[in-house]
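Undergrad: Structure in structure tokens, see below.
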Number of protein chains: 2
Amino acid sequence: MLNNIRIVLVETTHSGNIGSAARAMKTMGLSRLYLAAPKCSPDQQALALSAGAEDVVKNARLTENLDQAIADCSLVIGTSARLRHLQNSLIEPRQCAAEALRHAGGGEEVAIIFGRERIGLLNEELMKCRYHLTIPANPDYSSLNLAMAVQLISYELRMAWLQTQQEQDKVMPVSAIGDTGNKPPLYPTAQQLEHFFSHTEQCYRQLGFIQNQGVMPKLRRLYQRARLETNELNILQGMLTAVEKYRIANKDNS
Amino acid sequence: MLNNIRIVLVETTHSGNIGSAARAMKTMGLSRLYLAAPKCSPDQQALALSAGAEDVVKNARLTENLDQAIADCSLVIGTSARLRHLQNSLIEPRQCAAEALRHAGGGEEVAIIFGRERIGLLNEELMKCRYHLTIPANPDYSSLNLAMAVQLISYELRMAWLQTQQEQDKVMPVSAIGDTGNKPPLYPTAQQLEHFFSHTEQCYRQLGFIQNQGVMPKLRRLYQRARLETNELNILQGMLTAVEKYRIANKDNS
């Protein structure tokens with residue numbers, strides 16, 4: 001289950017932090033590290049600080065941008081300061097771990113994103129996240145080192161995972177295992193969501209409804225909060241296509 | 001309460017670890033650091049790695065040995081590997097935090113001891129401890145950095161402390177609760193929602209997208225689950241109106 005969870009570091013500046021993060025992950029049984037547009041390379045310093053976790057550094061996936069690192073993920077969580085405008089989507093590490101495990105356990109790909117050392121994640125990056133993870137630190141001094149934050153989240157993931165293992169150990173009779181008939185919903189990937197959002201924006205710009213930057217962030221927030229399911233996305237996409245078709249059929253007359 | 005809890009580092013070799021441990025403590029609201037017979041001094045390296053937590057390094061108490069550092073404590077907890085002979089006294093971080101808080105809350109002095117970077121605490125030191133704290137790490141790679149271990153334990157202490165605060169808040173008289181300045185979002189009435197749903201259905205029937213009974217229940221479920229806010233409803237309503245307007249303008253040609 002932990003194998004379906006990736007840690008994504010965005011534009012990391014210090015390679016030592018990559019190494020320390022890798023070590024932190026491995027101590028808790030995580031191994032999938034993604035480096036989105038890193039500002040440093042996973043160099044000797046990274047390997048040195050990874051201690052026995054060189055494998056995690058060496059197997060890290062480098063991507064050109066954040067979108068590539070999360071494209072196939074259906075649950076995306078981004079770390080952030082406790083910002084007022086994110087209020088409804090904020091979760092703390094323990095809840096984050098439970099949520100990540102629940103989805104990873106269903107076979108979904110889950111990404112937990114950590115931002116730049118100094119400025120964290122940008123607003124447009126936070127908009128790609130279903131949840132915003134905030135560590136309940138000392139309000140007078142909340143400056144956790146990047147790798148320390150990775151350590152805390154990895155720890156909570158491991159604790160949540162150990163708990164699921166314990167529950168499995170309690171074991172239900174074999175006859176009780178099987179299709180409950182209650183299939184969990186499917187969720188779209190980050191890439192599919194991005195496609196939907198850009199399609200929506202394009203369509204409503206052409207209709208003249210979207211004229212400034214205010215609308216899309218609100219729609220993103222709404223659909224992230226709702227955690228759009230695949231069949232719902234299909235409907236919204238179908239509605240969009242219906243509007244488009246109508247427009248094209250009437251293009252010459254408008 | 002956190003003020004009654006001290007972190008004791010025994011014979012630390014790398015001053016950077018002292019600085020990182022200080023930073024880790026401060027992010028979680030702990031401030032009392034004891035250095036028992038350190039093998040290095042809290043030097044510039046320590047101050048540099050403490051980032052904004054220089055005060056914790058500077059106020060650290062240096063003692064000649066472990067006994068002096070814990071002399072006035074009535075609860076002493078030592079970190080250790082998961083040793084079989086300690087079995088009966090082993091606790092994990094969460095339980096450790098709860099126990100530490102319970103005692104600290106009663107005014108007792110509590111010490112949590114972290115051993116040497118390579119070899120941890122000696123057997124005779126472990127014998128001075130009521131509990132032996134073990135972090136449930138990956139058995140294939142359990143090598144947590146010293147400051148990372150301090151971070152995890154400090155985090156659990158803070159979580160436990162926050163919980164006691166919440167419980168206290170629950171018994172606060174109503175008169176003590178004031179305006180938080182945090183405006184809750186506005187929500188539409190059931191009637192407004194109904195209006196939106198029927199408007200949506202009408203519009204997309206006319207466009208030919210809705211042809212049976214399947215779509216609307218799914219959209220209702222989605223927006224109910226999201227708990228649509230008033231400003232979001234206004235946007236969705238605006239999008240619908242934009243489509244309608246376009247249709248009316250092109251009516252004669254379709």
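The values are calculated or read from the model by the stated rules, or taken from the named source; none is laboratory data. These numbers were taken from a predicted model, which means no experiment stands behind them. Please note: Cβ atoms are built from the backbone with ideal geometry, for glycine as well, and neighbour counts cover all protein chains shown. Accessible surface is based on the protein model in full, side chains and every heavy atom, while ligands, DNA and RNA are left aside. Shrake-Rupley method; radii C 1.70, N 1.55, O 1.52, S 1.80 Å.
Undergrad: What's the FRET efficiency of residue A:48 with residue A:168 using the Cβ-Cβ distance as r and R₀ = 45 Å, to the nearest 0.05?
TA: After rounding to 0.05, the efficiency reads 0.75.
Undergrad: List the distances, in nm and shortest first, from the label point of residue B:108 to the matching label points in every other copy, placing each point 7 Å from Cα along the Cα-to-Cβ direction.
TA: Distances between equivalent label points, in nm: 4.4.
Undergrad: What helices does chain A have that are whole DSSP H segments, at least 27 Å long along their own axis by Cα, and with mean Kyte-Doolittle hydropathy of -0.5 or more?
TA: Counting only whole DSSP H runs, the qualifying helices are A:146-170, A:230-249.
Undergrad: Nm distances between the label at residue B:205 and the same-position labels in the remaining copies, 7 Å along Cα→Cβ, shortest first?
TA: For residue B:205, the inter-copy label distances come out at 3.4 nm.
Undergrad: Take every Cα-Cα distance within the range A:190-253, group them into 5 Å bins from 0 onward, and report for each bin the whole-number percent of pairs it holds.
TA: Going out from 0 Å in 5 Å bins, the range A:190-253 shows 4, 16, 27, 25, 17, 9, 3, 1 percent.
Undergrad: Which residues among the range A:216-249 fall inside the zone where the amide N is under 14 Å from a point 7 Å beyond the Cα of residue A:205, along Cα→Cβ?
TA: Once the point is set 7 Å along Cα→Cβ of residue A:205, A:216-217 turn out to lie under 14 Å by backbone N, inside the range A:216-249.
Undergrad: Quote the total accessible area buried by chains B and A together, excluding ligands, DNA and RNA, probe 1.4 Å, nearest 100 Å².
TA: It comes to approximately 5500 Å² buried between B and A.
Undergrad: Can you list, shortest first and in nm, the gaps between the label point of residue B:169 and those of its counterparts in the other copies, using a point 7 Å from Cα in the C-beta direction?
TA: Shortest to longest, the spacings are 3.5 nm.
Undergrad: How much area per residue is accessible in the protein assembly as shown when the probe is 1.4 Å and only protein heavy atoms are counted (Å²)?
TA: For the protein assembly as shown, the solvent-accessible area averages 49 Å² per residue.
Undergrad: Within the range B:17-43, list the residues whose amide N lies under 15 Å from a label point set 7 Å along Cα→Cβ of residue B:118.
TA: B:39-40, by backbone N distance to the label point.
Undergrad: Spin-label point model (7 Å from Cα, Cβ direction): what's the residue A:212 to residue A:248 distance in nm?
TA: Label at residue A:212, label at residue A:248, 3.3 nm between them.
Undergrad: Over 25 Å, how big is the tail of the calculated P(r) for chain B, in percent of all Cα pairs?
TA: Cα-Cα pairs in chain B separated by more than 25 Å: 59 percent.
Undergrad: Within a Cβ distance under 9 Å of residue A:232, other residues only, what is the Lys/Arg minus Asp/Glu net charge?
TA: Surrounding charge for residue A:232 is +1.
Undergrad: If you don't mind, there's one more thing I want to ask. Suppose every Lys and Arg Cβ carries +1 and every Asp and Glu Cβ carries -1, with no other charges. What dipole size does the range B:190-253 come out with about its Cα centre, to the nearest 20 debye?
TA: So the magnitude is around 220 debye.
Undergrad: Which semi-axes, in whole Å and largest first, does the equivalent ellipsoid of the range A:1-68 have when worked out from the alpha carbon gyration tensor as the square roots of 5 times its eigenvalues?
TA: 17, 16, 8
Undergrad: Please report Rg over Rh for the protein assembly as shown, where both radii come from the alpha carbon positions and Rh follows the Kirkwood definition.
TA: 1.05
Undergrad: Kindly provide the helix-only [θ] at 222 nm of chain A, computed as the sum of -39,500 (n - 2.57) over DSSP H runs of four or more divided by all residues, to the nearest 500 deg cm²/dmol?
TA: It comes out at -14500 deg cm²/dmol, rounded to the nearest 500.
Undergrad: What ratio of Cα Rg to 2.2 N^0.38 Å holds for the range B:91-164?
TA: Dividing the Cα radius of gyration by 2.2 N^0.38 Å gives 1.14.
Undergrad: For the protein assembly as shown, what % of the accessible area comes from carbon and sulfur atoms, probe 1.4 Å?
TA: That share works out to 49 percent.
Undergrad: To continue, here is another question. Separation between the residue B:81 and residue A:198 pseudo-spin-labels, each 7 Å from Cα along Cα→Cβ, expressed in nm?
TA: Here the modelled spin labels are 5.2 nm apart.
Undergrad: What do you get for trypsin sites (Lys or Arg not before Pro) in the range B:1-95 restricted to DSSP loop and a cutoff of at most 15 other Cβ within 10 Å of the site's Cβ?
TA: Qualifying residues, ordered by number: B:39, B:82.
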